[in-house]
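Engineer: If you scroll down you'll find the structure; I have some questions about it.
The values are calculated or read from the model by the stated rules, or taken from the named source; none is laboratory data. Just so you know, these numbers come straight off a predicted model, no measurement behind them. Backbone-built Cβ (ideal geometry, glycine too); neighbour counts: all protein chains shown. For accessibility, only protein heavy atoms count, side chains too; no ligands or nucleic acids. Shrake-Rupley method; radii C 1.70, N 1.55, O 1.52, S 1.80 Å.
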Amino acid sequence: MSALRSAAWYAGRDRDGYIHRAWMRRGLPGSAFDGRPHIAVANTASDLTPCNLHLTDVAEHVKQGVWAAGGVPLNLPVVSLGETQLRPTAMLWRNMAAMATEEMLRANPIDGVVLLGGCDKTIPALLMAAASVDLPAVVVPGGPMLTGTFRGTALGCGTDVWRLSEEVRAGTLSEKDFLDSESAMIRSRGHCNTMGTASTMGLLAEVLGMVLPGTAGLPAADSRLLTQAHETGRLVVEMVAEDRRPSTLLTRGSFNNAIVALAAMGGSTNAVVHLLAIAGRLGVPLVLDDFDRIGTGVPLLVDLQPAGRHLMEDLHRAGGLAAVLREVLDLLDPEAITVTGRPLVESLHAARIWDQEVIRTRAAPLLPAAGIAVLRGNLAPAGAIIKPAAASPELLRHRGRAVVFDSVEDLHARIDDPGLDVDAASVLVLRGCGPRGYPGMPEVSNLPLPAKLLRAGVRDMVRVCDGRMSGTAYGTVVLHVCPEAAAGGPLDRIRTGDWITLDVAARRIDVELPQPELDARPPSPAMLAALARPTRGWERLYVDTVLGADTGADLTFLTGSSGHAVPRESH
Ligand code: FES
């Protein structure tokens, strides 16, 4: 084993070594400085990130595992992002959390790190940080909450909020019943229990090879999560000894596996932008079209909300991630290894499906081909995405008149106006919601349907937006339209009344205008007036430097890796 990185702080017998050791002597045994690996436990627990609140308990078990394997565990609280609480949107802070975590991992005397995340943006941010600092790293996903029920019916955290609130707007559910369901939604510790972004990214972290196999998808309240946390603590000490780093795990093959898994699970569209960003940190040549090329032939096997019926607790009971992956074993890269140093596929052979209602077999899938379709056309020259499994089949080929909204505020002001000129065939367009425009690319693309159409029984319409969509949402939604309107994309020039055609089979999204006419139109003044123009702080830095969703919405200067060398010392 080569010399530990932390030895550069602790091994010297000079003044600097004295300082580094002395200030750490607050209960650590003297043996802590005899050449043992120092392991950071990067923890996103926060009272304001309720999905991650329990990670402090998980951290204690990780630490016990580190001690047991001869390492020294050290708490490292890192920036935490609570999806439901942060304004304007947690996505605005993903890159900041990644940057802050990366810098603290690099600047401190540590040899390896265990990353504790859960709520939507936390695992992506931690993986981006780990990729850029490239120290031995392993993730413990915090796990989903248990299934809550309301009046005998299971509640899908997130998805059922959309459904119930639409029922109130449609007049088929009273406001009192709606509010009564609130306390039943969150049954236990853990993150959202649908196949939303948190579940998707926790599971994909394991597919990428960054999680001890068998951990992702364990419910947060399941005592086996604590056992896995302990084993992860032991494992990271071994990873340091063998110099097993993210750059050796996060390969093209592991991203291919993640795309296959994303399709088979019916995972969140947000995974596209996160996987692109993580790959961008390591220079792995992953592009938007890879999601279509690799994923669309993959059968949909998991029947979970928002596209299906069940919830994460059911997925775990039915055999979990390993059972899903075993069904698509032939589509996985056999060379991609995990934090154990062994191929991912090797961990799948004993897996079984215990409930074929939740996890379908390859022979009887929910859909023979799922995945995420990448659309192009004169509305989205750099691409847009749609999740066909969450859409209405009859709308996947559609022509309709645009009803355009220039901002989220404009949408809210007019969507329920009885005088709004809209019908069931209209295409609802919302712009100015990309990374730069909002800023932060909020989850607003599944814009609510007009109340008068809801009352008439309409439950889905084609919607087009340059923002994101909650992983717990559903509908015929064309999202991540690139370039975004605020960056001069053609979405900024269309007008109410233009005809829009969507043809998912042909992978097209177009406005029926001659290209010279579209090019000659000025951007919408109302949209330009509504764009955020921050003058200072993180928001300013973000707006000035954020990349498009088609490449992961990272900052221009954060792509790539700086490694973990820190040659300078100030004392
Ligand atoms: Fe945290 Fe859904 S709000 S995972």
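Engineer: Identify all residues within region 26-48 that are within 16 Å of the ligand (Cβ to nearest atom) and either over 25 Å from the mean Cα position of the chain (by Cα) or open to solvent by 70 Å² or more (accessible area, probe 1.4 Å) (or both); write none if there are none.
Structural biologist: Those that are within 16 Å of the ligand (Cβ to nearest atom) and either over 25 Å from the mean Cα position of the chain (by Cα) or open to solvent by 70 Å² or more (accessible area, probe 1.4 Å) (or both): Asp47, Leu48.
Engineer: Just for strands (runs of 3 or more DSSP E) wholly inside region 88-178: which have at least 2 residues that are small (Gly, Ala, Ser)?
Structural biologist: 112-117
Engineer: How many of the residues in region 396-415 are surrounded by 17 or more Cβ atoms within 10 Å (Cβ to Cβ), touching a residue at least 60 places away in the same chain (Cβ under 8 Å) and more than 26 Å from the chain's Cα centre (by Cα)?
Structural biologist: 7
Engineer: Out of Pro418, Pro435, Pro450, which single residue is in contact (Cβ under 8 Å) with a residue 12 or more places away in the chain, under 22 Å from Arg169 (Cα atoms) and open to solvent by less than 10 Å² (accessible area, probe 1.4 Å)?
Structural biologist: Every option except Pro450 fails the conditions.
Engineer: Would you be able to tell me the number of residues in region 104-126 that are more than 11 Å from the ligand (Cβ to nearest atom), over 20 Å from His61 (Cα atoms), touching a Lys or Arg at 6+ places or on another chain (Cβ under 8 Å) and not small (Gly, Ala, Ser)?
Structural biologist: Count: 2.
Engineer: Further question: Suppose we keep only residues that are of a type in the set (Ser, Thr, Tyr) and within 16 Å of the ligand (Cβ to nearest atom) within region 469-493. Which one would you say is surrounded by the fewest Cβ atoms within 10 Å (Cβ to Cβ)?
Structural biologist: Selected residue: Tyr474.
Engineer: Tally the residues that are crowded, with 20+ Cβ neighbours inside 10 Å, within 16 Å of the ligand (Cβ to nearest atom) and part of a loop (DSSP other than H, G, I, E, B), restricting the search to region 49-87.
Structural biologist: Of the residues in region 49-87, 7 are crowded, with 20+ Cβ neighbours inside 10 Å, within 16 Å of the ligand (Cβ to nearest atom) and part of a loop (DSSP other than H, G, I, E, B).
Engineer: Have a look at Ala241, Ala229, Ala221 and point out the one that is more than 21 Å from Ala307 (Cα to Cα), out of contact with any Phe, Trp or Tyr (no Cβ under 9 Å at 6 or more places or on another chain), open to solvent by 40 Å² or more (accessible area, probe 1.4 Å) and more than 16 Å from the ligand (Cβ to nearest atom).
Structural biologist: Ala241
Engineer: Then there is this: What number goes with the only condition from (1) of a type in the set (Ser, Thr, Tyr); (2) within 16 Å of the ligand (Cβ to nearest atom); (3) open to solvent by 20 Å² or more (accessible area, probe 1.4 Å) that Thr194 does not pass?
Structural biologist: If we test Thr194 against (1) of a type in the set (Ser, Thr, Tyr); (2) within 16 Å of the ligand (Cβ to nearest atom); (3) open to solvent by 20 Å² or more (accessible area, probe 1.4 Å), just (3) comes out false.
Engineer: Just to be sure, is Ile359 of a type in the set (Val, Ile, Thr) and open to solvent by 10 Å² or more (accessible area, probe 1.4 Å)?
Structural biologist: No, not satisfied.
Engineer: Check whether at least one residue in region 164-176 is within 16 Å of the ligand (Cβ to nearest atom) and touching a Cys at 6+ places or on another chain (Cβ under 6 Å), and report yes or no.
Structural biologist: No: zero hits.
Engineer: Among the listed residues Thr56, Thr44, which satisfies the condition of being of a type in the set (Val, Ile, Thr) and touching a Ser or Thr at 6+ places or on another chain (Cβ under 7 Å)?
Structural biologist: When all the criteria are applied, what remains is Thr44.
Engineer: Would you mind finding the one in Val339, Val374 that is modelled with pLDDT of 95 or more, in a strand (DSSP E or B) and crowded, with 20+ Cβ neighbours inside 10 Å?
Structural biologist: Exactly one residue qualifies, and that residue is Val374.
Engineer: Considering each of Arg189, Arg94 in turn, give the residue that is at negative phi, within 16 Å of the ligand (Cβ to nearest atom) and buried (at least 24 other Cβ atoms within 10 Å of the Cβ).
Structural biologist: Arg94
Engineer: Give the residue, chosen from Pro522, Pro534, that is open to solvent by 50 Å² or more (accessible area, probe 1.4 Å), touching a helix residue (DSSP H, G or I) at 6+ places or on another chain (Cβ under 8 Å) and not aliphatic (A, V, I, L, M).
Structural biologist: Being open to solvent by 50 Å² or more (accessible area, probe 1.4 Å), touching a helix residue (DSSP H, G or I) at 6+ places or on another chain (Cβ under 8 Å) and not aliphatic (A, V, I, L, M) holds for just one of Pro522, Pro534, which is Pro522.
Engineer: Can you tell me which residue is farthest from Gln305 (Cα to Cα) among those in region 177-196 that are in contact with a Cys (Cβ under 9 Å, 6 or more places away or on another chain) and of a type outside the set (Gly, Ala, Ser)?
Structural biologist: Result: Arg189.
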